[in-house]
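Notes follow the structure.
Values quoted throughout were computed directly from the atomic coordinates according to the rules given, and no laboratory measurement underlies them. All figures in this text were calculated on a predicted structure; none of them were measured in a lab. Neighbour counts run over all protein chains shown; Cβ positions are idealised from the backbone, glycine included.
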Amino acid sequence: MPSPFARMMLQRKKFITKSGYCAGMTGIPKPLPPVLEQSLRRELVTGERLLWSAQPIGKRLKSGFGIWLFAIPWTAFALFWESLALLPWAASTHTPDAFAYSFGIVMPLFGLPFILIGFWMLWKPVREMRLAGSTVFGLTDRRLIRVEEGRKRSVSTVLLDQIGPMDRNEAKDGVGNLRIQTHSSVDSEGDRRTERFEILGVPDVARLERLILENRRARAEAAR
């Protein structure tokens, strides 16, 4: 009689075979962690069918580190500025007058926001990679859903009717990004502003795009 562990592995193998998932191939979605799967299904309304779901692969979100090309010199200059602003305080051997005292307070405070912005830019791609472990995307016959679990649960939704032009890029193994235009407008200065729903670092991204197009076409035909 097989052991409990052997039975568990056999059930897992049957599930993977039945669902079409393959844990050994990066480009094919792996089964979602139970917590994320339950979290995604909580969002479904009566009659809504889940057609596709996937969790982003954190290590494939490295493109976000491109911001470091700007963030590193920005932060270095901000820290250099702050050190110069604090230098008179460290080098002074006498009590400063009112003007020097005020200047010595204002200038360091002026540099603090720039340091914080620099640290935020450095942290942003690291945060995105960490969030990948608690993020799940889903496509239903009605909409796209993104759920982020954490201290605060965040849910974003885009109806199929709101989906505009899509931009897909992927690696040879099928892992890639899908950026979807959801809204476009012109501001008071005449500049065009575009809102996008981004699905980054997910496996089999081409299949997701194909399912979106097929369901949009089916909804359009049903509405005729």
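Annotations
- Look at Trp123, Trp74 and count the other Cβ atoms within 10 Å of each Cβ; fewest to most, that gives Trp123, Trp74.
- Segment His183..Ile67, full-extension length gain: 39.3 nm, with 0.36 nm per residue of separation and the alpha-carbon distance subtracted.
- In sequence order, calculated HN-Hα J values of the range 166-173 (Karplus, 6.51, -1.76, 1.60; Hz; x Gly/Pro): 10, 10, 10, 9, 8, 8, 5, 8
- Gain in span if fully extended, Arg42 to Glu195, counting 0.36 nm per residue against the direct Cα distance: 52.5 nm
- R0 of 22 Å, Cβ-Cβ distance Leu51-Ser154: FRET efficiency to nearest 0.05: 0.50
- Subset of Lys30/Lys152; Lys59/Lys152; Lys59/Lys172 violating a 21 Å alpha-carbon distance limit: Lys30/Lys152; Lys59/Lys152
- Of the peptides 195-203, 78-86, the order by per-residue mean of other Cβ atoms within 10 Å, starting with the highest, comes out as 195-203, 78-86.
- 19 Å cut-off, amide nitrogen to a point 7 angstrom out along Arg210 Cα→Cβ, residues in the range 156-178: 166-178
- If R0 is 25 Å, the Cβ-Cβ spacing of Arg168 and Phe119 corresponds to a FRET efficiency of close to 0.15.
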